[in-house]
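Q: This is the structure I want to talk about, given as structure tokens.
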Amino acid sequence: MSDQKHGRVREVIGRILFVSLVLSIIFSAVRFTQAPKVIAAGMEHAKVKSDYLLMLLQCVLGLVVMLLPTLIEHRWHLGIANAIHILYYIFLYCAVFLGEVFEFYYLVPHWDTILHFFSGAMLSALGFILVDLLNRNERVRVNLSPLFVAVFAFCFALAAGAVWEIYEFTGDSLFGLNMQKCLTEHGEALVGYAALRDTMKDIVVDAAAAMLISVLGYFSIVKQRKRPDPDLAKQKTE
């Protein structure tokens with residue numbers, strides 16, 4: 001697919017995501033004002049204010065982070081590939097709109113695990129992109145080794161995953177949400193190993209995905225550097 005077609009796909013998916021998040025924000029804000037604070041007897045499956053507050057916060061955050069790549073492009077004059085934008089939008093749509101609004105986290109088995117693996121892979125790839133931009137910057141004369149780049153990409157992805165878990169813990173602690181899934185779908189509190197399982201599983205999956213991309217990226221850089229430089233070969237023939 002050409003870059004022009006990628007650009008059109010990016011625009012369409014971006015608009016779908018934007019409209020979905022805006023409508024979800026309006027919906028969750030309205031339902032938040034109408035929902036009860038606690039579950040009444042005989043209404044175990046009803047949603048309470050904290051459920052809609054979580055949905056509202058996630059949708060607002062999703063809308064903010066959706067715009068970040070475009071802002072970074074304009075602020076630092078960076079060119080982020082349209083394919084990266086498309087994958088980023090799809091991830092946000094699956095994580096926020098399908099996951100929170102349509103409750104795929106509860107309805108689809110291992111939905112959270114799949115998304116964390118995807119996010120770990122994307123963050124590791126982003127780490128490679130950042131180092132590549134640094135290597136290409138004419139004002140910064142560095143030539144980092146493939147191993148260092150791979151380790152940086154892995155640590156970058158793992159650090160971002162840890163920051164996300166801190167965000168979830170903070171939201172649960174301050175607003176009584178359930179981002180870390182310490183409560184079951186029916187509001188029953190988990191204890192001990194069961195309560196820690198979700199957070200630790202997320203970190204392990206993030207690390208596994210980041211490690212996979214880091215290893216693949218390492219061998220890709222090594223292979224690329226073994227290729228003869230066409231500019232250098234041209235200079236030798238002249």
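Taken together, the values in this text are just the output of simple stated rules run on the coordinates, not laboratory data. Quick caveat: nothing in here was measured; it's all calculated off a predicted structure. Cβ atoms come from the backbone with ideal geometry, glycine included; neighbour counts cover every protein chain shown.
Q: Is segment 164-185 home to any residue that is crowded, with 19+ Cβ neighbours inside 10 Å, among the small types (G, A, S) and more than 18 Å from the chain's Cα centre (by Cα)?
A: No, every residue in segment 164-185 fails to be crowded, with 19+ Cβ neighbours inside 10 Å, among the small types (G, A, S) and more than 18 Å from the chain's Cα centre (by Cα).
Q: Only one of these is in contact with a Gly (Cβ under 6 Å, 6 or more places away or on another chain), assigned to a helix (DSSP H, G or I), surrounded by 14 or more Cβ atoms within 10 Å (Cβ to Cβ) and β-branched (V, I, T): V205, V96, V151. Name it.
A: None of the others qualify; the one that does is V96.
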